[in-house]
Amino acid sequence: MGLGLRWPLGFCTYRHKDMSFDSFLGNPQAIAAIREMLAGGRVPGALLFTGPEGVGKRTLALMMAKAMVCENGPLDFCNQCARCRKAEQFFFTEREDLARRRESKDSTRRVEGLVYFDLQLIEPITKFILTEQIRQLRTIAYTRPFELPRRVFIIDEAQTIHWQAVDLLLKVLEEPPETTSFILICPNAYELRSTIRSRCMRVVFQPVEEAIIKDLLGREKRLTEPQKALAARVSAGSVAHALNFDPAEYQNRRQPWLDFLEATARRGPPGTAVDWRSLFDSARALAENRDDFEGTLKVGYSLLSDLMHLLLDPAADTVVNVDLSTRLKGWAPKLALSGIEKLKAGLDQAYRLQIRNVNPQLGFETLGIDLLSGHNSLGH
Ligand SMILES: [Zn+2]
């Protein structure tokens, strides 16, 4: 997800006081599609919300679920009627229940006594949405709703449905229950089995426009202006990532890359001494954060992409690491196109090594030695 950090997603683009789809930020085309379905009373039995992380897919699914049961619906939800309040209460209870289950070490107890409310947000309890979760859902789906006129099951991170449970869900989607609607949420639709995908009407989300994110960040007192500019770029259209941006954490993650790039760019003319120590130190630092190595690599990719843009057009306004433009502009010609491409290939290699569980430090060191000793490869 995003830079691989564990952002608490969801509920970010939603505030309790918000009482309308109008309060939703970005993705007007998704809102329009949903409003049209609600207005025509043509909500399909199964919807699939797909698109980047942190743009509000889940928030909008919760809003839509409310609108489908609201006493003042179905074009919108009021957040004030008894049903909207009930919906809110359901979602709150579910989150508490999920937290309790996730903490349980006992695999049987994790799924013991699963009860589904009329509006239910289904999420992975472990790495997966477990077979028992889907089995229970299937049993409930065909019964009449208990308290609300309809039932809406929102399946978040649908790509995590355990493979043994996919067929169970498919059976329900093939014979959709009259009173139950499903909203599946999955960043990349192609992570779902095609049989599931083809059963769902798709609502595609886009990254949120930078202007909207900047406007939102304008109210964040904890960030300085340059940090806001950086957050807007790093978040790449994700409201959740922008709001959760931690400048100190980002700097920590980026620093070893800067040391690495600096050591590489600083190399003097052929024959001058190479600062091997700083190179090895930065290689070690880069390899250290193995829990979130993908996040570390993404920062590296963003820096290389910035260098590339600045090399091709020093006035480029597409730089992610906006706070470093001047430094990057200085490094870009020293690394030259061939050097940047070689670093990119090195990152790809580090990524593959990581997948094979090989120590990535070795990869970075080799890459550094390769770059520093290959005099022609850096365009000198
Ligand atoms: Zn209402």
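Please treat every number below as a calculation from the coordinates, not as lab data. Just so it is clear, the model here is predicted, and its values are computed rather than measured. In this analysis, Cβ positions are derived from the backbone assuming ideal geometry, glycine residues included, and neighbour counts consider all displayed protein chains.
Odds and ends about this structure:
- Largest GNM mean-square fluctuation across S238, S325, S104, computed for the chain with C-alpha springs under 10 Å, falls on S104.
- Other-chain or far-sequence residues with amide H under 5 Å of I155's (modelled H): I122, I183, L184, I185
- Taking amide H as placed 1.01 Å from N in the peptide plane, N72 has its amide H under 5 Å from the amide H of C78, each at least 5 places away in sequence or on another chain.
- Entries of K66/K298; K298/K342; K228/K329; K57/K228; K214/K329; K57/K214 with Cα pairs more than 28 Å apart: K66/K298
- The range 21-206: proportion of alpha-carbon pairs further apart than 27 angstrom, %: 22 percent
- Label-zone membership for the range 180-208, site L170, 7 angstrom Cα→C-beta point, backbone N under 14 Å: 192-200
- In this Cβ point-charge picture (+1 for Lys and Arg, -1 for Asp and Glu), the chain has a dipole of about 380 debye about its Cα centre.
- Positive-end ranking of L184, V166, V55 along the dipole of the range 21-206, with charges on Cβ about the Cα centre, is headed by V166.
- Helix 131-141 axis, angle to the chain major axis (alpha carbon atoms, nearest 10°): 40 degrees
- Counting only Cα atoms, the range 101-221 measures 47, 35, 32 Å along its principal axes, largest extent leading.
- Projecting the Cα atoms of V204, P314, Q251 onto the charge dipole of the chain, computed from C-beta unit charges around the Cα centre, puts V204 farthest toward the positive end.
- DSSP-loop GluC sites (Glu not before Pro) across the range 31-76, with at most 12 other Cβ within 10 angstrom: E71
- About its Cα centre, the range 21-206 has a charge dipole of approximately 180 debye under the convention of +1 per Lys or Arg Cβ and -1 per Asp or Glu Cβ, with nothing else charged.
- Here the extension length gained between Q80 and D246 equals 56.3 nm, from 0.36 nm per residue of separation less the Cα-Cα distance.
- Two-decimal log10 I(q)/I(0) for the chain, as the Debye equation yields it once each C-alpha is a single scatterer, q = 0.06, 0.07, 0.13 Å⁻¹: -0.30, -0.40, -1.07
- Charge dipole (Cα centre; +1 on Lys/Arg Cβ, -1 on Asp/Glu Cβ; no other charges) of the range 10-115 amounts to roughly 220 debye.
- Efficiency of FRET between E294 and W163 - r from beta-carbon atoms, R0 25 angstrom, step 0.05: 0.65
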